[in-house]
Amino acid sequence: MAHQGTAGYTAGPSAQAEGWQEIVTDLSADRKAFRNVPWGKAMMWLFLLSDTFVFGCFLTSYMSVRMSNTVAWPNPSEVFALTIGGAHIPLILIAIMTFVLISSSGTMAMAVNFAYRRDRARTAALMLATAALGATFVGMQAFEWTKLISEGVRPWANPFGAAQFGSTFFMITGFHGLHVSAGVIYLSVVALKVARGDYERKGNYQIVEIAGLYWHFVDLVWVFIFAFFYLW
Amino acid sequence: MAQTAIPTGTYDDTDHDEDLGDGHHEPRSFITKYIWSQDHKVIAIQYSITAMAVGLIALVLSWLMRMQIGFPGSLPFIDPERYLQFVTMHGMIMVVYLLTALFLGGFGNYLIPLMIGARDMVFPYVNMLSYWVYLLAVLVLVASFFVPGGPTGAGWTLYPPQAILPGTAGRDWGIILMLVSLIIFVVAFTMGGLNYVTTILQARTRGMTMMRLPLTVWGIFVATILGLLAFPALFVSGLMMLLDRVLLTSFFMPTITSLGERLSYGGGSPLLFQHLFWFFGHPEVYIVALPGFGIVSDLISTHARKNIFGYRMMVWALLAIGVLSFVVWAHHMYVSGMNPYFGFFFATTTLIIAVPTALKVYNWVLTLWQADIHFTVPMLFSLAFILTFVSGGMSGLFLGNVVVDVPLSDTYFVVAHFHMVMGVAPVLVIFGAIYHWFPKVTGRMLNDALGKFHFWVTFLGTYAIFFPMHYLGFVGIPRRYHDFEGIAFIPDSARELNAFITVAALVVGAAQLVFLFNMAWSGFRGRPAGSNPWNATTLEWQTPETPPGHGNWGPRQPVVYRWAYDYSVPDAEQDFLPQNYPRPAGDGLNPEAPPEQGGLLR
Ligand code: HEM
Ligand SMILES: [Cu+2]
């Protein structure tokens, strides 16, 4: 690499600093504020930060509407119960859905691991498994929606209590479901490209990790929705 | 202006270490070059032209409103409903579709890659999408002028319940289009904003540390982060109101009896909307102010040939203002009623923001102190900005206090305050910035005489418009009123003052047409500018071609050795040293100094 007139220029931080000092040197370096973080990954982190504020606003609004409501809030354990083989089990579907989604984070993490070992076949398989688990989640959510709708729950009213129950439920789970669906498509596309060997040429599998970041985020958001919506 | 070739540092960047960015190809046809372009400079121009075109609509609306207030009934088609529709569209277009889009989509896109020495944004394709989605948002908004019932007349704050109730203009279609358009705008902004922040953080050229960034980039950087965190609240509240309007949910709608009939709404909270809206709305003020702060810092430094006073302080002040702007939103809600302790909290935080802001003003003044001030058009606009921002900021100190705000709220005092501080002040910066960077964008200078004419009419004219409004506010004249006939407490002199304001508004408006003419004419016939007409230090003036070609830097990217403010350097060949001017051995500068003041990077 040819340099011209670089007198007085020393590239980046040379000495290996530690702890806080390392962060300071990183941030005050030239070219990149976060060393070794590729553009796509930095951009994904920023997007997730912004998206956190979206879900933050959704959940805060939900809490505010629920707390200021004068009509009794429906009991989630009752509303989200299923009768299976004669047994009345509260929250059973949600428990399974949550389990499925959290497992999918596990398969995703394994996919990232195999991607760094450049094991194309396993990476692609695990990503497709993740996408399949995600699709299962969306399918079960569709089932839950259908059930509630058949019981008369609507965005504008429901037979169990405060109308805002249905409004917030459909809006927030719907918005989250869209995130999962988008993730399923995103993961499938990347998985196919991995399988096809598109990233072999440069030997760079960062994209798998970036897709993984998105997926873990969507999972994490679900944990909050689960806690605030179903357990409260 | 004489140009001596200055030896500058460059490096060959063929060893691209980024492979996740979109492949970047030289555009071939007219279409890929100027229409579906991924080049940040073309996108910037597309953003700017679109924003100015909608801004023109907002300007015409302001004339119509002023005609009605100054000369009631002179334009008979302006009935009360239309008046409110004009107020709403004027306010929303000015704040969101003009200022936000022009500062970030326009200046951000053009200047970020050039000022940090990059070849483009990190993801040019996403950047291109951002513009087209923004254009879609604009088209949806403009479409609301043509639907049955016309655009919404809810006021730019769109407060429910009235925004979606029968009886409010545009309740059938206008409000839906407005909300959809805002949601689309947020998507467009996010795509652009992620690009700007990532580019500044991760794609700077060699030697360009964060603390060597020109303050323009810092201002745009902090403003974009504010946008990424504040627009979500607008997105969510817009979506919820859309559901309230279309699906009859009751997020924001309490039990309401309208025209003797009980509506199906019930149990929602109008205050929730206000909180969400202002959680977006207050940072939004800074989204249009911070890029202005940054640009003004660079303009006065360049045109006064002096380094900016307190660079580090300026950066920290930007960051402090950015953080604080998220904890003051309820100062817009004093009259909505709140716990007195909340009022106390929000009044306190509001006044605290004045500290970093005042610090910036002092630093600008100290930069100008004993400087070699060239009264060029950009400098005139910058000086006008400082004055206007201070006078608008002063009335803000009053409105930040609960007891003073309550009687003044919803009067023309508020109209005067926000027009000074977030209307006129940022617009003055935009004009200054256009006069400053037009030569780089087109290769030609804007006409100076027309520019000075434009400046004096705009500067004096806006004071003639908005200063008297403070008095109207003290008298108690309410805002968003179609006419004041038969209101006993309003003295006749107020009517005369209103007529005077209207005449001033029309004159100022006409001056903007002179400006548009100047741009159109100088773009083709203006004096050729050369590559660095203002003898500025920042990288965008050091490009091998003017206007910069695709990829900005030719084969070799610049290397940065110093901060952006080496003006009036003793013993230098010219009186300034560009950022990519190499440090000669034994140049007398202290290598132990902080890097932004010429010390070595370690
Ligand atoms: C020559 C320039 C301008 C004139 C003559 C003008 C005039 C007006 C008038 C007459 C109103 C309505 C007052 C009322 O009845 O309450 C108004 C409202 C408003 N203007 Fe301007 N304006 C100008 C520029 C701007 C700019 C540059 C901005 C950018 C921030 C802006 C933002 C607003 C906002 C946010 C409102 C409030 C809308 C509402 O109440 O919903 N204006 N302006
Ligand atoms: Cu505010």
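In the neighborhood of B:T88, defined by Cβ-to-Cβ distances under 13 Å, what is the net charge if each Lys or Arg adds +1 and each Asp or Glu adds -1?
Its environment carries a net charge of +3.
To check my understanding: the extent here is largest minus smallest coordinate of the Cα atoms along each principal axis. What are those three numbers for the stretch A:38-231, in Å, largest first?
Each principal axis gives a Cα extent; for the stretch A:38-231 these are 61, 40, 21 Å.
Quote to one decimal, in nm, the extra length available between B:Q370 and B:R527 on full extension: 0.36 nm per residue of separation minus the C-alpha distance between them. Let's see the in-between values first.
On the way: separation 157, 0.36 × 157 = 56.52 nm, distance 3.10 nm.
Extra length from B:Q370 to B:R527 when fully extended: 53.4 nm.
Mind listing the long-range amide H neighbours of A:L82? Cut-off is under 5 Å, sequence gap 5 or more, other chains count too, H placed in the peptide plane at 1.01 Å from N.
A:I89, A:L91, A:I92, A:L93
On C-alpha positions alone, give me the angle between the axis of helix B:270-303 and the longest principal axis of chain B, in degrees, nearest 10.
30
For B:R204, enumerate residues with amide H under 5 Å from its amide H, sequence gap 5+ or separate chain, H modeled in the peptide plane.
Close amide H contacts, sequence-distant or interchain: A:R31.
Report the number of Lys pairs in chain B whose alpha-carbons are under 19 Å apart, with separation of 8 or more residues or on distinct chains. Write down the numbers at each step before the final one.
Details: B:K33/B:K41; B:K33/B:K440; B:K41/B:K440; B:K306/B:K360.
Step by step, the pairs that qualify in chain B add up to 4.
Using a 7 Å offset from the Cα along the Cα-to-Cβ direction at both B:S493 and B:K452, what is the distance between the two label points in nm, to one decimal?
Label at B:S493, label at B:K452, 3.7 nm between them.
For the pair B:M211 and A:K147, how long in nm is the line joining their label points, each one 7 Å along Cα→Cβ?
6.0
Looking only at Cα atoms, what is the convex hull volume of the stretch B:35-213 per residue, in Å³?
Hull volume normalised by residue count: 122 Å³.
Cα-based Rg (one decimal) and Dmax (whole number) for chain B, in Å?
Every Cα atom of chain B included, Rg and Dmax give 24.6, 86 Å.
Amide H of B:G268 versus every other amide H placed in the peptide plane: which residues, excluding those fewer than 5 positions away on the same chain, fall under 5 Å?
It is B:M253, B:T255, by chain and number.
Please list the three semi-axes, largest first and in whole Å, of the ellipsoid equivalent to the protein assembly as shown, using sqrt of 5 times the eigenvalues of its alpha carbon gyration tensor. Could you put the intermediate results ahead of the total?
Details: eigenvalues 382, 317, 102 Å².
With the √(5λ) rule applied to the protein assembly as shown, the semi-axes are 44, 40, 23 Å.
In terms of Cα to Cα distance under 16 Å, which lysines are near enough to A:K41, apart from those fewer than 8 places away along the same chain?
A:K32
For B:A358 paired with A:R122, estimate the spin-label separation in nm (one decimal), with each label point 7 Å from Cα along the Cα-to-Cβ line.
With each label point 7 Å from Cα toward Cβ, the separation is 6.4 nm.
Using every pair of alpha-carbon atoms in the stretch B:153-288, split the distances into 10 Å bins beginning at 0 and state the percent of pairs per bin, rounded to integers.
Bins of 10 Å from zero give 12, 35, 25, 15, 9, 4, 1, 0 percent of pairs.
Within a Cβ distance under 14 Å of B:T543, other residues only, what is the Lys/Arg minus Asp/Glu net charge? Walk me through the numbers before you get to the answer.
Working: positive: B:K41, B:R119, B:K440, B:R556; negative: B:D39, B:D120, B:E540, B:E545.
With Lys, Arg at +1 and Asp, Glu at -1, the net is 0.
Apply the Karplus curve 6.51 cos²θ - 1.76 cosθ + 1.60, θ = phi - 60°, to the phi angles in the stretch B:206-213 and return the couplings in whole Hz, x for Gly and Pro.
Rounded to whole hertz, the list is 4, x, 8, 8, 4, 7, 10, 5.
Helix A:163-196 versus the longest principal axis of chain A: what is the Cα-based angle in degrees, 0 to 90, to the nearest 10?
Approximately 40 degrees, to the nearest ten.
Tell me the net charge near B:T216. Cut-off is 11 Å between Cβ atoms, B:T216 excluded, with +1 for each Lys or Arg and -1 for each Asp or Glu.
It works out to a net charge of -2.
Which value in Å is the Kirkwood Rh of the stretch B:118-198 over different Cα pairs?
13.8
What does the C-alpha gyration tensor say about the overall shape of the stretch A:14-131? Classify as rounded when a/c is under 1.5, otherwise prolate if a/b is larger than b/c, or oblate.
Working: a/c = 3.65, a/b = 1.58, b/c = 2.30.
Oblate.
Taking just the alpha carbons, could you work out the radius of gyration and Dmax for the stretch B:260-387, both in angstroms?
Cα only, the stretch B:260-387: 19.9, 71 Å (Rg, Dmax).
Roughly how many Å is it from the Cα centre of the stretch B:534-561 to that of the stretch B:447-461, as a whole number?
Each part's Cα centre sits 30 Å from the other's.
Normalise the Cα radius of gyration of the stretch B:441-568 by 2.2 N^0.38 Å (N = residues in it) and let me know the number.
1.67
If the convex hull of the alpha-carbon atoms of the stretch B:375-530 is projected onto planes in all directions, what is the mean projected area in square nanometres? All intermediate terms of the calculation are to be shown ahead of the outcome.
Working: hull surface 40.2 nm².
Computed as one quarter of the Cα hull surface, the answer is 10.1 nm².
Need the C-alpha centroid separation for the stretch B:213-284 versus the stretch A:142-176, integer Å.
Using only Cα atoms, the two centres lie 22 Å from each other.
Please report the spacing between the Cα centers of the stretch B:58-73 and the stretch B:161-191 in Å, no decimals.
Answer, in whole Å: 24.
Laboratory data are not the source of any read-out in this text; all were calculated from the coordinates shown. Values in this document were obtained by computation on a predicted structure and should not be read as measured data. Glycine gets a Cβ as well: all are built from the backbone with ideal geometry, and neighbour counts include every protein chain shown.
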